[in-house]
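Q: A single structure is presented below for examination.
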Amino acid sequence: VSALVTLTTDFGVADPYVAEMKGVLLREGPPDLRLIDLSHELAPFDIAAAALFVRAAVPRFPPGTVHLVVVDPGVGSARQAIIARVGEQLLVGPDNRVFGYLFDGSEEVFVIAPEPAPRSVSSTFHGRDIFAPAAARLAAGRPPEQLGRRAESHQHMVFPLVEFAGDTLAGRVIHIDRFGNLITNIAHGVLSDFLGSLDPSRVQFSLGERSVRGLVDHYAQGKPGELVALIGSSGLLELAVREGNAALKFGIELGKHVRVQRGS
Amino acid sequence: VSALVTLTTDFGVADPYVAEMKGVLLREGPPDLRLIDLSHELAPFDIAAAALFVRAAVPRFPPGTVHLVVVDPGVGSARQAIIARVGEQLLVGPDNRVFGYLFDGSEEVFVIAPEPAPRSVSSTFHGRDIFAPAAARLAAGRPPEQLGRRAESHQHMVFPLVEFAGDTLAGRVIHIDRFGNLITNIAHGVLSDFLGSLDPSRVQFSLGERSVRGLVDHYAQGKPGELVALIGSSGLLELAVREGNAALKFGIELGKHVRVQRGS
Amino acid sequence: VSALVTLTTDFGVADPYVAEMKGVLLREGPPDLRLIDLSHELAPFDIAAAALFVRAAVPRFPPGTVHLVVVDPGVGSARQAIIARVGEQLLVGPDNRVFGYLFDGSEEVFVIAPEPAPRSVSSTFHGRDIFAPAAARLAAGRPPEQLGRRAESHQHMVFPLVEFAGDTLAGRVIHIDRFGNLITNIAHGVLSDFLGSLDPSRVQFSLGERSVRGLVDHYAQGKPGELVALIGSSGLLELAVREGNAALKFGIELGKHVRVQRGS
C-alpha cells in the first residue's frame, strides 16, 4: 500500500507555498506517495481553529497516515519543530498547540533534528524546508525515533472550561462553520452528565435572549428560521438554524456565551 | 488499476467536514484508493448549480469512477440516500436532483441500506457517516445491488423550458461562471433546430437592451468590451465579453432573459 | 512509479472546468496517474502572478513531472499551445509567458499538433480539449517530439529591471502574498553584489516614508507591528511585518517602489 501524507495549512493556494511543499514531499518521499489535501483555507495564524480542525479530522485516517500541519505564526522563533505519534497517526508540525487536543498522555513527541548533511534552511519557510522533508521521511517508513530526540515538554490544548452553577451549565461558542452553525465547548459527555436522567425536552438552551427547549437529532428537524440545539458531528453541542445561518441571523461571534438550563 | 473516488461538496475546506470524509474513504476503501477533489466551493445548498456542475464533469471520467456528491440542504430529513449507475459512472449522494441531469432513463438507482452491523450514525453528517462509507464500498468493487434496494422513484432535473414565439426563441441565464460568462438554458441542438439553414450572421442575440449579431467561435474573437454569443464548452449558448466580465459589466443576474431572433 | 501531473489554473472550482480537465487526464492518461493540485485560485488572467507561481513551484518536483498550467486570457486566439522541456520538468500550456521565468536558454519548446484523428475541439476550452490530452500523453511516456513540431520562437519573462544610482538600488513590489508580505524584484544575488562586503546592519530599506535598517533572518525576529526586511523563501527581497499584514497596514499596492540605500 502506498504511503499517505495529508496537508493542512493556512497558506491559501494563490501563493506557491503549498505547491513547493508538495514538490518536496513527492521528490523526497517514497515512490507512489499519495498526497491528500485537507485544507489550505484555515484562518491565517488561528491556532485555535486549526486545533479543532485537526481534532476532528486526524483520527478518521488509516493507521500510519502522516499528517503535515503548518499553521505557524512563530516560524523561525524558538518554538520546537515536532513529530508526534498518537495512536496510529503520525503528526508533523510546529509545537504550538495545533495538535494539542489529540494529546491524551499516550503521545510520543520528538523534536526534529537537523539532517546530518547540512542543508540550507530558509529561515522563513519551515513548511517546505523542515516539516515537508520530515513528513517525506516518515512516509518512507523511517520511525520518528530516527528523526529527532524525545521532546522534554510539548504544548497541550484544552477546551475553555464550562461553568456549573446550580441548574445552569454555561459554555461558549468556539467555532462558527461555513453554514453559520454555532459550535460550543460543551461536549456530549459533559452535557449527558449534567442532564442525568432528565427528559431532554425539559432542558432550555439559550443564546443571549433567544432560547429553545429540547435537543433535535438533525438540522432538518427545526422549523425554518428557528433556533435548534443538537449534538453535532464532532460530539459538541451546536446551536443552528434550519437551512439558515445562525451566526448571521442572530449576529453571533466567537466567544458568545451559551447557557443550558435544567427545566422545571 | 487503483480505484477512483471524486468528491464534490458545498462544504468549503475551512471546516473539517471534507477532511473527515476523506479519512473515512481511505480507511474503509480499497488500498491505493485515489481521491480526486472536484469542488468543495459549490454555493451552499444550491442544488441547481451543483446539478449543472455534475452534468459537465461526471461523463468525462474513466469507466468505474465513483462520484461522491454532497450538497444536501435536507440532511436528516426524509430524502433518500442513493447510489446510481449511469452509463459507466457510479454516483453516491442525496436524492435531491443533484444527479438529475444525468438521468436519461437508463439509470439504475438504489436506496442505500443501513449496514448490517448497527453503526452509530450521526444525524447531522450523512456525508461522513452514510455516503462516504457507501462510496468506499463501491470503490472496493461491491456492486450497488449489494448495498441497497432498488428505489421506487427518484428525482430528475430538467433545464427550464425555452419558449418559442414566431421568429423568437427565449431562454434565460442559468449559470454565471467565475469569469462572468453568462450560460443559458439554450442547448446547441435546440438552437440549431431553431435556426435551420439560416446563416448565423443573420441571427440576433439579445440581453435586455443589448444585442449582438452572429455567433463567434471563441471569446478572443470579440472586440474588447463588446458582447459576443457563442456555444460554450458544455454545449449551451453563452453570452460573454472578451477578457471582460459580462455579468459585472452589464449588471446581469441569474434568471435574466435572453432572446434569439431570426434575422430579416 | 506512477506518473505525476500537476494542475495550475485561474479557473476556481465553483465552475466545472477543472473537474472536466481531471476527467480527461484520468481517462486519457496512464493507469494509476496521480493528479496534484497546485492552485486553481490564481487571479483571473494575471499572467505575471502565474509566472511567479510557476517559477517557485515547478523546480521542486521529481524528474519527469508534467505541469499543466492554464492561465489563458487569449484562449482561441493566435497564441501557440506549447509543450516545453526544462531541466527534468515537462510543461504544458499556452505560450503567453506563464513559463517564461523558467526559460534559461536550455529549454526545448514544441507547438502542440492537432491529433491525427480529427477531434471536435471546443473553441473556448483549450484546457480540456488541447492541454489536458497533451499532458495525458506526456504522462503516458510519449516524448514531446512526438506530440508537436519545434517552436520557431516562444515567449520569455524577466523581472522588471532594478535601477542603480550611486548608493541607491531601486526596485518594486511585484507580489503581495496572503499574509500581506511584500515581495520585490530584487533578487538575493543582485542585493549581495550591491552590498559587497558592507555590513548589512548599515543598509536601509525604504518603502515610501517608512524605512528599516538591516536584514533579519525570519519574520519572527521583528518587533510586532514594525517593518522588517528579509530574503524570502523564493530568494527575493521581502518587506514584512511580524504576525501582521504589511500590505494592509501600510496601504501598499503592487508596483510600489522599494529603495535600498548603502549606509554611511
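Q: Rounded to whole Å and ordered largest first, report the semi-axes of the equivalent ellipsoid of chain B derived from its Cα gyration tensor (root of 5λ).
A: Semi-axes (√(5λ), whole Å): 40, 19, 16.
Q: Continuing with this model, one more query. Using the Karplus equation 6.51 cos²θ - 1.76 cosθ + 1.60 (θ = phi - 60°), what ³J(HN,Hα) coupling, rounded to whole Hz, does each residue of region A:32-38 give in order, writing x for Gly and Pro?
A: Karplus values, whole Hz, x for Gly and Pro: 6, 3, 9, 9, 10, 6, 9.
Q: Calculate how many DSSP beta bridges within chain B are antiparallel, expressed in % of all such bridges and rounded to the nearest 5.
A: Close to 75 percent.
Q: Residue by residue through region A:225-231, what is 3J(HN,Hα) from phi via Karplus (6.51 cos²θ - 1.76 cosθ + 1.60, θ = phi - 60°)? Round to whole Hz and write x for glycine and proline.
A: Calculated HN-Hα couplings, in order: x, 9, 5, 10, 10, 7, 8 Hz.
Q: In whole angstrom, and with the biggest value first, how far do the Cα coordinates of region C:170-209 range along each principal axis?
A: Principal extents (Cα only, largest first): 34, 23, 17 Å.
Q: Next question. To one decimal in nm, how far is B:A43 from the same spot in the other copies, if labels go 7 Å from Cα toward Cβ? Please give the shortest first.
A: With the label placed 7 Å along Cα→Cβ, B:A43 yields 2.6, 2.6 nm.
Q: Between copies, how far does the label point of C:D32 sit from its twins, in nm, shortest first, when each point is 7 Å from Cα along Cα→Cβ?
A: 0.5, 0.5
Q: What accessible area per residue, rounded to a whole number of Å², is obtained for the protein assembly as shown using a probe radius of 1.4 Å?
A: Accessible area per residue: 40 Å².
Q: Continuing with this model, one more query. Let me spell out the model: positive unit charges on the Cβ of Lys and Arg, negative unit charges on the Cβ of Asp and Glu, origin at the Cα centre of region B:33-88. What dipole size does that give, in debye rounded to 20?
A: It works out to roughly 200 debye.
Q: For C:V13, enumerate residues with amide H under 5 Å from its amide H, sequence gap 5+ or separate chain, H modeled in the peptide plane.
A: Answer set, sorted by chain and number: none.
Q: Sticking with this structure for a sec: I need the phi-derived Karplus couplings for region B:206-221: 6.51 cos²θ - 1.76 cosθ + 1.60, θ = phi - 60°, integer Hz, Gly and Pro marked x.
A: Ordered by residue, 3J(HN,Hα) equals 10, 9, x, 8, 8, 8, 8, 9, x, 9, 9, 8, 7, 3, 6, 7 Hz.
Q: Let me ask something additional. Output the Kirkwood hydrodynamic radius of region B:133-226, Cα pairs only, in Å rounded to one decimal.
A: 17.5 Å
Q: Follow-up. Once Lys and Arg get +1 and Asp and Glu get -1 on their Cβ, which of C:T184, C:Y219, C:V203 lies farthest toward the positive end of the dipole of region C:181-264?
A: The Cα lying farthest towards the positive end belongs to C:V203.
Q: Roughly what % of DSSP beta bridges within the protein assembly as shown run antiparallel, to the nearest 5? Provide the component values of the computation, followed by the final result.
A: Details: 125 of 165 bridges.
In the protein assembly as shown, approximately 75 percent of DSSP beta bridges are antiparallel ones.
Q: What is the dipole size for chain B, taken about its Cα centre, with +1 at each Lys and Arg Cβ and -1 at each Asp and Glu Cβ, in debye to the nearest 20?
A: Values: 25 positive and 29 negative charges, 39 e Å.
Charge dipole of chain B: 180 debye, to the nearest 20.
Q: Can you give the Kirkwood hydrodynamic radius of region C:2-103 from its Cα pairs, in Å with one decimal?
A: Working: mean 1/r = 0.0723 Å⁻¹.
It is 13.8 Å.
Q: Using the Cα centre of region B:34-180 as the reference point, and only Cβ charges (+1 on K/R, -1 on D/E), how large is the resulting charge dipole? Debye, rounded to the nearest 20. Mind showing how you got there, number by number?
A: On the way: 14 positive and 16 negative charges, 88 e Å.
With Lys and Arg at +1 and Asp and Glu at -1, about 420 debye.
Q: Let me ask something else. Taking chain C as a Gaussian network, where each spring joins two C-alpha atoms under 10 Å apart, which residue of C:F131, C:F159, C:F179 fluctuates the most?
A: C:F179
Q: In terms of solvent-accessible area of protein heavy atoms at a 1.4 angstrom probe, what is the ranking of A:R137, A:R55, highest value first? Mind dumping the intermediate values first?
A: Working: A:R137 30, A:R55 60 Å².
Heavy-atom accessible area, descending, gives A:R55, A:R137.
Q: Let me ask something else. To the nearest 10 degrees, how steeply does helix C:47-57 sit against the main Cα axis of chain C, on a 0 to 90 scale?
A: The answer is roughly 90 degrees.
Q: Tell me which residues come under 5 Å, amide H to amide H, from B:T6 once H is placed; ignore anything under 5 positions away on its chain.
A: B:I36, B:V66, B:H67, B:L68
Q: Hey, another quick one. Which of B:K22/B:K256; A:K22/B:K223; A:K223/A:K256 have a Cα-Cα distance over 30 Å?
A: Going by Cα-Cα distance, B:K22/B:K256; A:K22/B:K223 fall outside the 30 Å limit.
Q: Right, another one. Near the amide H of B:I186, under 5 Å away, which other amide H atoms are found, from residues 5 or more places off or on another chain, if H is placed in the peptide plane?
A: Result for B:I186 returns B:R172, B:L237.
Q: Using the alpha-carbon centroid of each, what span in Å lies between region C:159-224 and region C:85-100?
A: The two parts, judged by their Cα centres, are 29 Å apart.
Q: If Lys and Arg each add +1 and Asp and Glu each add -1, what is the summed charge of the other residues whose beta carbon sits under 13 Å from the beta carbon of A:E145?
A: Result for the neighbourhood of A:E145: +4.
Q: Right, next: Restricting the calculation to Cα positions, tell me the Rg (one decimal) and the Dmax (whole number) of region A:78-213 in Å.
A: For region A:78-213, the Cα-based Rg and Dmax read 21.1, 66 Å.
Q: Using a label position 7 Å from Cα in the Cα→Cβ direction, what is the ascending list of nm distances from A:P224 to the same site in the other copies?
A: The answer, with the shortest distance listed first, is 4.6, 4.6 nm.
Q: Another question, then. Pick from B:V13, B:V86, B:V111: which residue has the top mean-square fluctuation in a GNM of chain B where Cα pairs under 10 Å get a spring?
A: Of the options given, B:V13 has the highest mean-square fluctuation.
Q: Hey, rough spin-label estimate for A:L248 and C:V158, points 7 angstrom out along Cα→Cβ, what's it come to in nanometres?
A: Inter-label distance under the simple model: 5.0 nm.
Q: Cα-based Rg of the protein assembly as shown per 2.2 N^0.38 Å, rounded to two decimals?
A: 1.00
The values are calculated or read from the model by the stated rules, or taken from the named source; none is laboratory data. What you see is a predicted model, and the numbers here were worked out from it, not measured in a lab. Note that each Cβ is placed from the backbone with ideal geometry, even for glycine, and that neighbours are counted across all protein chains shown. Side chains included, ligands, DNA and RNA excluded: accessible areas come from the protein's heavy atoms. Shrake-Rupley method; radii C 1.70, N 1.55, O 1.52, S 1.80 Å.
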